[in-house]
Amino acid sequence: MSENAIGIFDSGLGGLTAAKELIRVLPNENIVYFGDTARVPYGSRSRSTIITYARQDAYFLLSKGVKLIIAACGTVSSVAGTLTNELPVPFTGVVVPTAAAAVSATGNGRIGVIGTYATVNSGSYKEEIIRHNNRLEVYQQACPMFVSLVENGIIDPNDDIVKLLVARYLSPLKEQGIDTLILGCTHFPIIAQAISDYLGSEVTLIDSGRETALYAAELLKSHKMLNTASAPGSCRYYVSDTVDSFEKTAEIFLGKSVAGAVSHINLEKVAVH
Ligand code: DGL
């Protein structure tokens, strides 16, 4: 069992922010990544559609024999938490670990949350932050177009379109004087530099992909499921749309080529019980 892979899924490229960190902290683990690139974005869809998609994604990973499933997606984590009760393997989303990190990081008690519409409307991060400390102020902002930027590989912090959208979405949060910002969608850390350039270095950015990877590593330890093999683990990537565009942006973000490790799959053939 310990040699089985860790399954990570997202609507597209965003979950790579968790995969990258997981590879760093647990280099011996095998990873199976699924990006539902044919159906991205999830964040502007209804709750029931997101739950249907999330179940298909998780059952695809189960078909690969994974030992743990990470929904490296703020949207799925915010609306499909019940997956925990139905899956035969441990499962985690991103909200719990990310909110905890933000609560520890804030000095002035003013925390910003950015995510998709579905995430912000669910109030999931806010609820989790308030559960830790109800005196904290939480300011939320949906930034759906950040997802399109990332999926299209428009991620250069000096790109005018990136700068314009960052300023447009984040100016209300800047005015609130936040000192901590949750990047509540796993796509957003990919444009973290542009976000930091706009908000200034005094605002701490909390990367949901990174925090979740660290949390998942602890989860594996506590379930005594760590891979004890000494060789470096392998990574396989699956996408529901074209392989080429995923390979290009994944390479920029991961800093290494994923060519040959990415396959296309047809989700309609996945059995969901
Ligand atoms: N990366 C996702 C999230 O964390 C989903 C973005 C989307 O598909 O809209 O919310």
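The values are calculated or read from the model by the stated rules, or taken from the named source; none is laboratory data. It should be emphasised that the depicted structure is a prediction, and the values quoted were computed from it without experimental measurement. No Cβ is skipped: glycine too gets one built from the backbone with ideal geometry, and neighbour counts run over all protein chains shown. With ligands, DNA and RNA removed, areas are computed over all heavy atoms of the protein, side chains included. Shrake-Rupley method; radii C 1.70, N 1.55, O 1.52, S 1.80 Å.
Please enumerate the residues belonging to region 156-199 that are touching an Asp or Glu at 6+ places or on another chain (Cβ under 7 Å) and either open to solvent by less than 10 Å² (accessible area, probe 1.4 Å) or among the hydroxyl-bearing types (Ser, Thr, Tyr) (or both).
Across region 156-199, the qualifying residues are Val162, Leu183, Thr186.
If I ask for residues that are within 16 Å of the chain's Cα centre (by Cα) and open to solvent by 10 Å² or more (accessible area, probe 1.4 Å), which ones from region 117-126 would you list?
Within region 117-126, Tyr117, Ala118, Val120, Ser124 qualify.
Just for region 248-264: of the residues that are farther than 14 Å from Val32 by Cβ and hydroxyl-bearing (Ser, Thr, Tyr), which one is most open to solvent (accessible area, probe 1.4 Å)?
Going through the qualifying residues, I end up with Ser257.
Residues that are among the basic types (Lys, Arg), at least 1 per element: which strands (runs of 3 or more DSSP E) completely within region 167-273 meet that?
235-239
Do we find a residue being under 20 Å from His223 (Cα atoms), open to solvent by less than 20 Å² (accessible area, probe 1.4 Å), part of a strand (DSSP E or B) and within 15 Å of the ligand (Cβ to nearest atom) anywhere in region 91-103?
yes
Among Leu181, Leu173, which is the only one that is touching a Gly at 6+ places or on another chain (Cβ under 6 Å), more than 16 Å from the ligand (Cβ to nearest atom), over 24 Å from Phe9 (Cβ atoms) and touching a residue at least 60 places away in the same chain (Cβ under 8 Å)?
Only one candidate qualifies: Leu173.
Taking Val113 as meeting all but one of (1) surrounded by fewer than 24 Cβ atoms within 10 Å (Cβ to Cβ); (2) within 22 Å of Ile195 (Cβ to Cβ), write down the number of the exception.
Failing condition for Val113: (1).
Can you find a residue that is over 22 Å from Ser240 (Cα atoms), part of a helix (DSSP H, G or I) and at pLDDT 95 or above anywhere in region 132-155?
Checked against the condition, which is being over 22 Å from Ser240 (Cα atoms), part of a helix (DSSP H, G or I) and at pLDDT 95 or above, region 132-155 yields at least one hit.
Each row is one residue, and each column tells you yes or no for (1) more than 20 Å from Gly115 (Cα to Cα); (2) at pLDDT 95 or above; (3) open to solvent by 10 Å² or more (accessible area, probe 1.4 Å); (4) not small (Gly, Ala, Ser).
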position	(1), (2), (3), (4)
Ile31	yes, yes, no, yes
Ser46	no, yes, yes, no
Ile69	yes, yes, no, yes
Cys73	no, yes, no, yes
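Can you name the condition, by its number, that Thr37 falls short on among (1) of a type in the set (S, T, N, Q); (2) within 11 Å of the ligand (Cβ to nearest atom); (3) open to solvent by less than 20 Å² (accessible area, probe 1.4 Å)?
(3)
Can you confirm whether Thr17 is open to solvent by less than 10 Å² (accessible area, probe 1.4 Å), within 13 Å of the ligand (Cβ to nearest atom), under 15 Å from the mean Cα position of the chain (by Cα) and polar (S, T, N, Q)?
So Thr17 fits the description; yes.
Return the only residue of Tyr59, Tyr53 being surrounded by 17 or more Cβ atoms within 10 Å (Cβ to Cβ), away from the ligand (no atom under 16 Å from the Cβ) and in a helix (DSSP H, G or I).
Selected residue: Tyr59, the only one of Tyr59, Tyr53 that is surrounded by 17 or more Cβ atoms within 10 Å (Cβ to Cβ), away from the ligand (no atom under 16 Å from the Cβ) and in a helix (DSSP H, G or I).
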